[in-house]
Structures are given as structure tokens and as C-alpha cells.
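Novice: Okay, here's the structure, questions in a sec.
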Amino acid sequence: MPAYPQDDPALLKLELRAMPRGTAVAEVAKQLTTLLTRGGLAPGSRLPPERQLAESLGVGRSAVREALAALEILGIVTVKPGSGTYLRDSVSELLPTTLSWGLMLSASSTSELIEVRSGLEVQAVTLAAARIDAAALGRLDEYVTTMEHNLENVEAFIEADARFHLQIATSSGNMVLRDLLLTVRSLLRLWVERALQNEQQARDAAREHREILGALRARDPRAAEAAMTGHMRTAAQRVEGQLDTES
């Protein structure tokens with residue numbers, strides 16, 4: 001795979017600006033997204049290592065690692081353990097703009113974004129109920145099982161949760177809908193993580209995902225719609241409760 005020039009760090013520093021002290025991971029993700037989506041790197045290019053990115057941005061490696069994890073969920077990069085991080089073959093043109101909006105979201109705007117996400121998720125699962133294939137159903141089962149086995153591991157739980165919803169969006173067969181859901185979920189990711197407070201909430205969420213999967217297996221659009229609507233309702237309640245706590 002072609003790689004970003006690693007023998008000339010100055011080239012990277014011309015394109016990445018050091019972050020002010022205390023800047024959120026979202027700002028690091030925004031700057032990386034701008035760099036990766038403006039066409040300067042060929043699809044499949046390997047990114048510089050975390051250490052080099054952290055030095056160029058003036059942040060800790062943990063901030064870079066979290067930002068890259070978010071970009072992987074968005075579908076911008078692929079992280080291959082032991083090999084590196086690679087730019088995906090296709091990236092939605094919507095991403096830089098929506099990430100910029102995310103930096104300015106107020107509590108009220110976040111509540112409105114939750115409503116948008118709910119509508120999109122219900123539409124996606126309704127379409128997926130008629131279009132999903134056996135392989136995708138198998139992956140969904142793996143993600144739910146991972147959630148069930150990681151009720152006390154928030155990071156692993158949220159990761160499996162995100163991949164579950166991404167698979168449904170992909171199985172909807174509507175790539176515009178998928179891209180919209182990717183960006184909306186990315187904007188809400190921090191609140192989703194904060195809203196998961198205890199093992200019982202995780203257990204309830206896993207059960208809701210299992211119900212959605214059951215409806216998809218039955219290829220029943222109405223049941224899938226009802227299951228996703230219920231899941232979105234309780235997920236929204238958790239996030240909005242966290243918004244109230246921090247407002």
C-alpha cells in the first residue's frame with residue numbers, strides 16, 4: 001500500500017496544525033477528516049503512525065487514537081492491527097461539513113439530532129428487513145453477542161453497538177441514508193457513551209438489539225420498525241437524561 005511520506009515530517013506539519021491545550025478529541029478528528037477527504041491522498045494510503053500524528057498536532061497519542069477510532073466508525077479509515085491505519089477507498093463528501101456542525105452543537109441541538117437519528121434508524125431497519133442477506137444477519141448476531149458479553153466494558157459495548165447499526169444502514173441498500181447515519185451517530189457518540197451508566201442499562205440495550213435482529217431474521221418490516229422505534233425511544237431517554245445532568 002502507498003504510504004504517507006514518513007521520511008519528511010515537515011510535509012505533514014504543513015498540513016496539520018497543533019491543537020490548543022485542552023481541545024476535544026472531536027477537533028483532532030475534524031482536522032484529520034479535512035486532510036483525508038480533500039483528495040490529497042490516494043485511496044488505500046497508509047497514514048503516519050500515531051506518534052508522528054500526535055507530534056504534528058501537539059496532542060497526546062490517546063487523543064489521536066480516539067480520533068482515529070471515531071474515523072473508523074465513520075468509514076473514513078481502516079485500522080489494521082500490526083500494520084497501520086489506511087484511508088478507505090471511498091469517503092462521503094458530507095463528512096467534513098457535518099463534523100464541523102458537531103463542534104457547535106448545543107444541548108437543544110443535540111436533542112433535535114437525536115430525533116433525526118431516530119427517524120433515520122427506523123427507516124434504515126425497515127428497508128433492511130426486505131433486503132438483508134444471511135451474511136449480514138450473521139454479523140449482526142456476532143455484534144449482539146459481543147454486547148451481551150461486554151455489559152461492563154463500555155468501550156467494547158459501544159463499538160459493537162455502532163457496528164450493529166452500521167450494518168443495518170448498509171443492509172438498507174441506501175448509501176445516502178447510510179452516510180447520514182454515520183455522521184449523525186459520530187456527532188452523538190460522546191453522549192451515547194456517557195449515557196450508558198450501568199450494567200442494567202447495557203443489558204436492556206443488548207436485549208433491544210436482540211429483538212431488532214429477530215425481526216430482521218423474520219424479514220418483518222413492521223416488527224423491525226416497532227423494535228427499532230422502541231430502542232430509539234429508550235436510547236433517547238438515556239442521552240437526554242445525561243444532557244439534563246450536565247446542563
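The values are calculated or read from the model by the stated rules, or taken from the named source; none is laboratory data. Note that the structure is a prediction, hence the values are computed from the model and not measured. Here Cβ is always computed from backbone atoms with ideal geometry, including for glycine, and neighbour counts include all displayed protein chains.
Novice: So, LEU87, is that one touching a Gly at 6+ places or on another chain (Cβ under 8 Å), at pLDDT 80 or above and within 20 Å of GLU159 (Cα to Cα) or not? Spell out how you get there, then give the answer.
Specialist: Numbers: touching a Gly at 6+ places or on another chain (Cβ under 8 Å): yes; at pLDDT 80 or above: yes; within 20 Å of GLU159 (Cα to Cα): yes.
Yes.
Novice: Select from region 127-172 the residues that are assigned to a loop (DSSP other than H, G, I, E, B) and aliphatic (A, V, I, L, M) and list them in ascending order.
Specialist: Residues of region 127-172 that are assigned to a loop (DSSP other than H, G, I, E, B), as a first pass: 132-133, 149-153, 172.
ILE132, LEU151 - these are the residues of region 127-172 that are assigned to a loop (DSSP other than H, G, I, E, B) and aliphatic (A, V, I, L, M).
Novice: Let me ask something else. Checking ALA205 against (1) under 23 Å from GLU112 (Cα atoms); (2) free of Cβ contacts under 8 Å to residues at least 24 places away in the same chain, only one condition comes out false. Which one?
Specialist: (2)
Novice: Which one of LEU177, LEU113 is in contact (Cβ under 8 Å) with a residue 60 or more places away in the chain, part of a helix (DSSP H, G or I), assigned by TED's automatic domain parsing to the domain that holds HIS231 and not acidic (Asp, Glu)?
Specialist: Step by step, each of LEU177, LEU113 is checked, and only LEU113 is in contact (Cβ under 8 Å) with a residue 60 or more places away in the chain, part of a helix (DSSP H, G or I), assigned by TED's automatic domain parsing to the domain that holds HIS231 and not acidic (Asp, Glu).
Novice: Would you mention how many residues in region 64-84 are at pLDDT 75 or above and in a loop (DSSP other than H, G, I, E, B)?
Specialist: Narrowing region 64-84 to residues at pLDDT 75 or above: 64-69, 71-72, 76-84.
Now narrow it down to the ones that are in a loop (DSSP other than H, G, I, E, B): 76, 81-83.
Selection size over region 64-84: 4.
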